[in-house]
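For reference, the structure is listed below as structure tokens.
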Amino acid sequence: MTTRPGPAETVRPITPEEVRAWSRALNTGFVRPPTVSDETVDRRRAQFDLSRVRAAFTDTGRVVATFRSHEQTLTVPGGATVPTDAITNVTVTPTHRRRGLLTRMMADDLAEAKERGDVAATLIAAEYRIYGRYGFGPATSATTWEIDVPRTGLDPRWSAPEDGATIDLVDAAEYRKEGPGLHDRLRTRVAGLVSRQPSWWDRDTGLAAAPEDPWTEPYYALYRSARGEVEGLLRYRIEGKFSDAVQPVCTATVLDLFGATPAAERALWHYVCSIDWVTVVQSGLRAPDDLLPDLLPDRRAARIVKQADTMWVRILDVAAALEARSYATSGELVLEVRDEAGFAGGRFALEATPDGAVCAPSAAAPQLTLGVAELGALWLGDTSAVRLAALGRVSEEEAGAAAVADTLLRTSRRPWCPDMF
């Protein structure tokens, strides 16, 4: 990476007294008003692990770059979870770009993550071209649908779910109480989901609101089975609007919708599409193969309005990553993994079966050569090695090796990460 001459900046973790300056630099990098409230400063001092909050300082003590990571677990195909290093709050002040500050902060953080035993690092990339050079590959994507409610064919009159289940509107406190447990249950079923820290639930139920982040309370709903067990949750907002003909044309935006069963998911979508005055439903970030369109009698009532990559993955331990996930069939593959940073490179032999996998360093001839970023993109099952080979991003050292990789690594359902972190 080319850097331009300039004063030497110091990169290090911040102290409690530097949280405000770090927060102002963070806001500047994210083009938000730089003002930071006392409440935000106090909350960050209490919640953040400051040993994992980094900054670049000028020789006068000004913060010109920010970086933070936190503990996270990630669900891989098969339902196992692995420890990951979740990276967030990455900014470089416009006056100090192209000086290698992000490279230095990233290198320090990944080295510590590797030493801790984290299997991978994760992040949500605001800009596509930045993180590939640090070994990250796009591992999940998400789709947002816009539903034309009158066209769906659903009965506009609300009817209760089948088999004695109920949907109840609840307050933030009850949602906060029931949500984490249900989310943890679902994480064993969906590859790509990540753990949610208590602060996540506090933020989305208004307990962590700050003056600079005006809070508008959404609606909360819980789906309970006939046994009274919470099996689904829904969080949404409604934008009230009337047409020139004084007809209600309101939009409901789904902020969170999870169902432990297809019945719960179906009932929650039916509910939000049956709210009086709502003519449009925005789905929020859903898996690209979400059931939603096909839950509607007329699937054309749901049109895609956004589709993009979401979570990026950077493998730190190849053997642990490939052994943690499940495989639908048996097979063997020798991979040559390139990693310029030196965290995860090498040659590895994978022996996979539906009962488990073994992956270890190997001296055998490689069948497939790829960068660590490409391995991150393949790991959760969403990307095709055959397609990457056609793009020239992986090399087949043995004919058919990319197809073998697809047979082993691709999953029947696509991984999904709806969370911004």
* What are the residue pairs meeting all of these: first residue in segment 137-162, first residue modelled with pLDDT under 90 and small (Gly, Ala, Ser), second residue open to solvent by 40 Å² or more (accessible area, probe 1.4 Å) and part of a strand (DSSP E or B), Cβ atoms under 9 Å, and 6 or more apart or on different chains? -> 160/166
* Flag if residue 88 is of a type in the set (S, T, N, Q) and open to solvent by 10 Å² or more (accessible area, probe 1.4 Å) -> yes
* Asked: Within segment 100-122, can you find the residues that are of a type outside the set (A, V, I, L, M, F, W, C), surrounded by 15 or more Cβ atoms within 10 Å (Cβ to Cβ) and more than 15 Å from residue 54 (Cβ to Cβ)?
  -> 114, 118, 122
* **Filtered residue count, segment 330-351, keeping only those that are surrounded by fewer than 19 Cβ atoms within 10 Å (Cβ to Cβ) and within 27 Å of the chain's Cα centre (by Cα)** => 6
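With respect to residue 357, is the statement that it is open to solvent by 30 Å² or more (accessible area, probe 1.4 Å), among the small types (Gly, Ala, Ser) and touching a helix residue (DSSP H, G or I) at 6+ places or on another chain (Cβ under 8 Å) true? Write out each step before concluding.
Details: open to solvent by 30 Å² or more (accessible area, probe 1.4 Å): no; among the small types (Gly, Ala, Ser): yes; touching a helix residue (DSSP H, G or I) at 6+ places or on another chain (Cβ under 8 Å): yes.
When the stated conditions are applied, residue 357 does not pass them.
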* Could you tell me whether residue 295 is more than 24 Å from the chain's Cα centre (by Cα) and either of a type in the set (Asp, Glu) or open to solvent by less than 40 Å² (accessible area, probe 1.4 Å) (or both)? => yes
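Can we say residue 194 is more than 22 Å from the chain's Cα centre (by Cα) and not charged (D, E, K, R)? Steps first, please.
Working: more than 22 Å from the chain's Cα centre (by Cα): no; not charged (D, E, K, R): yes.
No; evaluated as a whole, the condition is false for this residue.
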* Structure fact -> Taking segment 124-176 and keeping residues touching a Pro at 6+ places or on another chain (Cβ under 9 Å), open to solvent by 90 Å² or more (accessible area, probe 1.4 Å) and farther than 26 Å from residue 261 by Cβ leaves 128, 150
* Pull up segment 390-415, narrow it to residues that are open to solvent by less than 30 Å² (accessible area, probe 1.4 Å) and in contact with a strand residue (DSSP E or B) (Cβ under 7 Å, 6 or more places away or on another chain), then point me to the one that is nearest to residue 355 (Cα to Cα). => 408
* Structure fact -> Picked from segment 184-202 (must be touching a residue at least 24 places away in the same chain (Cβ under 8 Å) and outside any loop (DSSP other than H, G, I, E, B)), the residue nearest to residue 313 (Cα to Cα) is 194
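Only one residue in 67, 48 is within 30 Å of residue 212 (Cα to Cα), open to solvent by less than 20 Å² (accessible area, probe 1.4 Å) and more than 16 Å from the chain's Cα centre (by Cα), so which one is that?
67
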* Asked: Residues of segment 233-271 being part of a helix (DSSP H, G or I), open to solvent by less than 30 Å² (accessible area, probe 1.4 Å) and free of Cβ contacts under 8 Å to residues at least 40 places away in the same chain, which ones?
  -> 265, 269
* Asked: When only residues in segment 298-316 that are open to solvent by 50 Å² or more (accessible area, probe 1.4 Å) and among the aliphatic types (A, V, I, L, M) count, which is nearest to residue 264 (Cα to Cα)?
  -> 304
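Looking only at segment 73-85, count how many residues are in contact with a Lys or Arg (Cβ under 6 Å, 6 or more places away or on another chain), surrounded by fewer than 20 Cβ atoms within 10 Å (Cβ to Cβ) and among the hydroxyl-bearing types (Ser, Thr, Tyr).
Step one: filter segment 73-85 for residues in contact with a Lys or Arg (Cβ under 6 Å, 6 or more places away or on another chain), giving 75-78.
Those still in the list that are surrounded by fewer than 20 Cβ atoms within 10 Å (Cβ to Cβ) too: 78.
Still in the running and among the hydroxyl-bearing types (Ser, Thr, Tyr): none.
Final tally of qualifying residues: 0.
The values are calculated or read from the model by the stated rules, or taken from the named source; none is laboratory data. What you see is a predicted model, and the numbers here were worked out from it, not measured in a lab. All Cβ positions, even for glycine, are placed from backbone atoms using ideal geometry, and neighbour counts span all protein chains on display. To get the accessible areas, we keep the full protein, side chains included, count just its heavy atoms, and leave off ligands, DNA and RNA. Shrake-Rupley method; radii C 1.70, N 1.55, O 1.52, S 1.80 Å.
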